[in-house]
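The structure appears below as structure tokens.
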Amino acid sequence: MKFKGKRAWVTGASSGIGQAVARALAAEGAEVFLSARRADRLQMLAQELSGQGVQVHVEAVDVSDRAAMEALGVRLAELGGIDILINNAGTMPISPIINGRVDEWDRMIDVNIKGVLYAIHAVYSGMAERKCGHIVNVSSIAARTTYPSAGVYAGTKHAVRAISETLRKESIRFGVRVTDIQPGSVDTELPDSIGHEKIRGIVKNNMYGNDAAMLKPEDIANGIIYALSQPEHVDVGELLIWPTRQEN
């Protein structure tokens, strides 16, 4: 098993990519720490993974809650620290900027940027001390481009890409690896976070219509396992994963 003896923390583990990555890590023998806001879903996943003979821990926490994330970081350190962080939690309530849905802008910034930083902060010093570890940030193809209505969302994902690349350079002296995963269209619940009804319809039609062949969460999990599985001297800095038929 590739990750036997390793401790992995997956944020946003209650569904979609996070859930798929948690399953993949557990299948490779990792001790898994699951976090998300939906405690009931986490418990169901934990029960499933525990049946595979691996240790599973559950923490219902919102990544944008700084105090709660700092407290979780302390508990993780007391349990021996984290070897692998999968920074997956995110939200996408996109809308045209003219609509001024400021609460949704704040939520995207809080979850997609601050949440990523809070999770890194919770485990990074321990990784640096041990001179090993791997941080995987799940961003988006929106880290490379943008489109009408996605200005704030793409801005958050561009930020994650910049944070990831800077952290990779800063981490060289510690032996900590950093990977930015950039998925294209994936069949998850993410479009459901779009509060703007018209835009939600357009996005779902683009994703599911026209005989589109979207990625499955397991496809992204496979990419993450690939990055994690490389020898210590290899750091997959970025991995862009598109559906074959996706144009932009």
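The values are calculated or read from the model by the stated rules, or taken from the named source; none is laboratory data. These numbers were taken from a predicted model, which means no experiment stands behind them. Backbone-built Cβ (ideal geometry, glycine too); neighbour counts: all protein chains shown.
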Requested in this report: Go through the range 190-218 and give me each residue that's surrounded by fewer than 18 Cβ atoms within 10 Å (Cβ to Cβ) and under 14 Å from the mean Cα position of the chain (by Cα).
Outcome: 218
Query raised in the report: Is it the case that the range 43-58 has a residue that's within 23 Å of residue 193 (Cα to Cα) and either under 15 Å from the mean Cα position of the chain (by Cα) or free of Cβ contacts under 8 Å to residues at least 12 places away in the same chain (or both)?
Result: yes
Query raised in the report: Restricting the search to the range 127-156, which residues are among the basic types (Lys, Arg) and out of contact with any strand residue (DSSP E or B) (no Cβ under 8 Å at 6 or more places or on another chain)?
Result: 130, 131
Report task. Report, by residue number, each residue of the range 236-245 that is surrounded by 16 or more Cβ atoms within 10 Å (Cβ to Cβ) and touching a helix residue (DSSP H, G or I) at 6+ places or on another chain (Cβ under 8 Å). Result -> 236, 238, 239, 241
Report task. Inspect all residues belonging to the range 228-248 and state whether any of them is in contact (Cβ under 8 Å) with a residue 24 or more places away in the chain, under 19 Å from residue 105 (Cα atoms), of a type in the set (A, V, I, L, M, F, W, C) and touching a Gly at 6+ places or on another chain (Cβ under 8 Å). Result -> no
Query raised in the report: Out of the range 1-21, which residues are without any contact (Cβ under 8 Å) to a residue 60 or more places away in the chain and either among the polar types (S, T, N, Q) or under 19 Å from residue 220 (Cβ atoms) (or both)?
Result: 14
Requested in this report: Look at residue 53 and say whether it is part of a loop (DSSP other than H, G, I, E, B) and either at pLDDT below 95 or surrounded by fewer than 13 Cβ atoms within 10 Å (Cβ to Cβ) (or both).
Outcome: yes
Query raised in the report: Taking helices (runs of 4 or more DSSP H) that do not extend beyond the range 67-175, which have at least 3 residues that are modelled with pLDDT of 95 or more, surrounded by 19 or more Cβ atoms within 10 Å (Cβ to Cβ) and within 14 Å of the chain's Cα centre (by Cα)?
Result: 115-130, 151-171
Query raised in the report: Yes or no: residue 102 closer than 24 Å to residue 229 by Cβ and out of contact with any Asp or Glu (no Cβ under 9 Å at 6 or more places or on another chain)?
Result: no
Requested in this report: Kindly provide the set of residues from the range 220-248 that are acidic (Asp, Glu) and more than 20 Å from residue 134 (Cβ to Cβ), ordered by number.
Outcome: 247
Report summary line: Within the range 223-248, restricting to residues that are in a loop (DSSP other than H, G, I, E, B) and hydrophobic (A, V, I, L, M, F, W, C), the one that is modelled with the lowest pLDDT is 242
Report summary line: Taking the range 1-49 and keeping residues part of a helix (DSSP H, G or I) and at positive phi leaves 16
